[in-house]
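Before any comments, here is the structure.
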Amino acid sequence: MGTNARATPISHGALELVADSQSIPPGREFKLGLHFQLEKGWHIYWVNPGDSGEPPRVEWHLPAGLNPGVIEWPTPQRFQSSTVVDYGYEDAVLLMVPVNVDASLKPQRSAQIGATVKLLVCSHEMCIPGQAELSLTLPVRAGLPVPDNKDASLFTAAQKSLPQAPPQTWKLTAAQTSDSFVLSANFGRRSAGGEITSAMFFPLVESEIRNSAPQKLVSQKTNFQLTLRKSDQLLNPPAWLRGVLVVSFGNSQPDRTFSIDVPVSKNLPVRNPGATKMSSAVGVR
Amino acid sequence: MKRSNLFSILIALALCAVSAAAWAAKVGEPAPDFTGTASSGQTIHLSDYRGKYVVLEWHNNGCPFVGKHYKSGNMQRLEKEWTARGVVWLTIESSAPGKQGYVTANEENDYLAKLQASPTAALLDPTGAIGHLYDAKTSPHMFVVNPQGILIYDGAIDDKPTTDLDDVPGATNYVSLALEQAMAGKPVATAATRPYGCSVKYAESTH
């Protein structure tokens, strides 16, 4: 049986290292998780923190044979203070990390998993940096891993909050003008879910879009376009537009969140009234 | 009229005026002119310094990212080095009254003396008018203007977006690089980066 880690206090909250399994399974994958619980009014940051702040950074101290992947970031929230817009999480969040285990790892009674987490916890008023040393002890056992019941619901909820692949019926494209990106989705025929009533794009990469700018949505039964102002710090337009798109359907359906990863058309579209095709223009600014 | 009401109205007007302008500072374009009050009491215009390089440093004395550069003596060193070479260094506080980083003129002068910081001037911008004109997002957020009044750098002070003092010595300082390259007549290789730090504590918009 694994030793459950006690939550380590951090500024205005607590942090604990958890696992979705009661043992480390050789030749298979399991998940570790950084479980943040924050006091009301305090937040941590997403992989792209937005205009200010910094995301948590983890350094793993793992036994040989454990290969950690990258953090699986749940859909972030948007925090706005005057003209400064940040992306992150308040209240509680589980940052999951998949770990691949070498098949050659021998069974053992207890293996020590450690993590050094550098973090920044902020309110609207101030930021407090910190560092937490976390540890978790688990046995290494052959065979299918047994779920950790205590934390199973945490992992289930976190899995649900991850952005999903967009529907296959959506044809997604991204174009650009001198000052904006335009993300377009064509459903082909009427979308089964109904018209989208609101949309918010969270860019994965810093300094691509102006985080504080409103995102203009033009929504119809068979398509929508979302206009994103370019960042003032963007000098070379990216080849790909990557991020998370949160859409609302207006009826009683819950919001859906999708992972967006589309190439950005190199050419500036020349817009003629009524034209549906984009002609290439001279160069990109 | 009560002083606090007048102040709120002034903030609202300033924000309305600034947000109405689609203009934000952009690298390669003229840096927006502004008028500010220094902690010395002097009135300062950016255009006063045409013919010189100007560094704008957004500041908040409570922010740990700013603290990294002052506790290590890094910012003081930069100010000394560059002002000695004829660069104008303006440290700017855009925190609203009551918010972290807000300082009165006396408090700012005491702070500068205590930390042995030597900017050309410290501008007090509690309405956030100058901050919004430049869309200053963080403290620190750095801008460099060339002698022709063109913005040649906008972004982070260096390439280590952390609060660790250990990260100061090995960091690539974008401000120094921009000044060195521009002074040598070369193009600025890294003209814009994501500024890192705490959010600027502006007054909340009333509209």
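Table for the structure above
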read-out	value
Within the protein assembly as shown: Cβ-based charge dipole about Cα centre, in debye rounded to nearest 20 (Lys, Arg +1; Asp, Glu -1)	1340
Alpha-carbon centroids, the range A:75-124 and the range A:182-241: separation in whole Å	27
Label-point separation, residue A:109 to residue B:81 (7 Å along Cα→Cβ), nm	5.7
Cα-Cα P(r), chain A, percent of pairs per 10 Å interval	6, 25, 27, 22, 14, 5, 1, 0
Nearest-20 debye value, chain B charge dipole, Cβ charges on Lys, Arg, Asp, Glu	160
Using θ = phi - 60° and Karplus 6.51 cos²θ - 1.76 cosθ + 1.60, couplings along the range A:47-63 (whole Hz; Gly, Pro as x)	4, 9, x, x, 5, 9, x, 9, x, x, 10, 10, 10, 8, 10, 10, x
Separation of the residue A:265 and residue A:195 label points, Cα + 7 Å toward Cβ, nm	2.4
Gaussian network model of chain A, Cα within-10 Å springs - most flexible of A:18, A:93, A:205	A:205
Antiparallel DSSP beta bridges within the protein assembly as shown, as percent of all bridges there, nearest 5	90
Selection from A:196, B:89, A:157, by position along the positive dipole direction of the protein assembly as shown (Cβ)	A:196
Normalised contact order of the range B:50-175, rounded percent, pairs of Cα under 8 Å and 6 or more residues apart	34
Average beta-carbon neighbours from other chains, 10 Å sphere, peptide B:155-165	2
Estimated distance in nm for a label pair at residue A:39 and residue B:176, the labels positioned 7 Å out from Cα along Cα-to-Cβ	3.9
Rounded to the nearest 20 debye, dipole of the range A:171-263 from Cβ charges on Lys, Arg, Asp, Glu	360
For chain A: relative contact order, % (alpha-carbon pairs under 8 angstrom, 6 or more apart)	17
Scaled radius of gyration (Cα, divided by 2.2 N^0.38 Å) that chain B gives	0.97
Within a Gaussian network of chain A (alpha carbon springs, distance under 10 Å), most fluctuating of A:50, A:65, A:13	A:65
Cα long-axis angle, helix A:149-160 against chain A (0 to 90 degrees, to the nearest 10)	10
Peptide A:208-216, shielding by other chains (average Cβ, 10 Å cutoff)	1
16 Å cut-off, amide nitrogen to a point 7 angstrom out along residue B:204 Cα→Cβ, residues in the range A:126-164	A:126
Kirkwood Rh in Å, taken over the range B:71-150 so that all alpha-carbon pairs contribute	13.6
Chain lengthening between residue A:248 and residue A:116 when straightened (0.36 nm per residue, less Cα-Cα)	43.8 nm
Relative contact order of the range B:137-207, pairs being alpha-carbon contacts under 8 Å that are 6 or more residues apart, as %	41
For q = 0.05 Å⁻¹, Debye-computed log10 I/I(0) when each Cα of the protein assembly as shown counts as one equal scatterer	-0.23
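Values quoted throughout were computed directly from the atomic coordinates according to the rules given, and no laboratory measurement underlies them. Fair warning: this is a prediction, and the values are worked out from it, not measured in the lab. Methodologically, a virtual Cβ is constructed for each residue, glycine included, from the backbone with ideal geometry; neighbour enumeration extends over all protein chains shown.
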